[in-house]
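Since the structure comes first, as structure tokens, the remarks are kept for the end.
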Amino acid sequence: MPGKILIVDDSLLIRKVTTQIYSKQGYVTVEATDGREALKILDESFKDIMLIITDWNMPNMNGYELLVQIKKNKKLCHIPIIVATTETEKGSINKALKAGAADYIIKPFSAHELLKTTANYIITQ
Ligand SMILES: [Mg+2]
């Protein structure tokens with residue numbers, strides 16, 4: 001059974017669009033509205049998650065804080081994280097990569113861009 005993709009974004013639209021792109025390819029996604037919710041999901045079912053795509057700006061716990069929490073957790077630190085950021089937040093890219101993000105993607109992104117950026121991190125069995 002292939003793993004699931006965790007999509008973390010406070011925008012319902014972004015979560016919907018991202019989920020749609022992946023479900024068309026046959027992948028299962030799990031959605032979280034902020035870093036706190038993402039950590040709760042990871043705590044309960046980290047073994048099911050093969051990839052995390054996280055927004056940068058979110059209430060309660062942002063993408064950076066989530067990244068730091070995941071990277072310092074031995075159970076979670078192996079899961080690749082892609083940071084989704086906007087053109088205006090480009091300064092966040094270096095910060096994200098330094099903190100251990102596997103890659104980044106600029107929003108708004110096309111289905112092709114998303115699949116291309118994340119292809120290396122998707123495990124198919
Ligand atoms: Mg946001």
For region 23-34, state whether one or more residues are surrounded by 15 or more Cβ atoms within 10 Å (Cβ to Cβ), without any contact (Cβ under 8 Å) to a residue 12 or more places away in the chain and either at positive phi or within 16 Å of the ligand (Cβ to nearest atom) (or both). no
For region 91-105, does any single residue satisfy the condition of being among the aromatic types (Phe, Trp, Tyr), farther than 21 Å from ILE122 by Cβ, out of contact with any His (no Cβ under 8 Å at 6 or more places or on another chain) and within 16 Å of the ligand (Cβ to nearest atom)? no
Count of residues meeting criterion [part of a strand (DSSP E or B) and charged (D, E, K, R)] in region 30-53: 1
For the list (1) away from the ligand (no atom under 16 Å from the Cβ); (2) small (Gly, Ala, Ser); (3) within 25 Å of LYS98 (Cβ to Cβ), I need the number of the one condition that SER45 fails. (3)
Boolean, LEU6 is within 16 Å of the ligand (Cβ to nearest atom) and either more than 16 Å from ASP103 (Cβ to Cβ) or under 13 Å from the mean Cα position of the chain (by Cα) (or both): yes
Across region 77-125, what is the total count of residues that are closer than 19 Å to LYS4 by Cβ, among the β-branched types (Val, Ile, Thr) and assigned to a helix (DSSP H, G or I)? 2
Of ALA111, ALA119, the only residue that is in contact (Cβ under 8 Å) with a residue 40 or more places away in the chain, out of contact with any Asp or Glu (no Cβ under 9 Å at 6 or more places or on another chain) and surrounded by fewer than 17 Cβ atoms within 10 Å (Cβ to Cβ) is ALA111
Mind telling me which of the residues LYS16, LYS72 ends up being away from the ligand (no atom under 16 Å from the Cβ) and at negative phi? LYS72
Do we have MET61 as farther than 18 Å from PHE109 by Cα and within 14 Å of the ligand (Cβ to nearest atom) here? yes
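None of the figures in this text is laboratory data; all of them are computed from the coordinates on show. Keep in mind it's a predicted model, so treat the numbers as computed, not measured. When we count neighbours, we look across all protein chains shown, and the Cβ atoms used for this are built from the backbone with ideal geometry, even at glycine.
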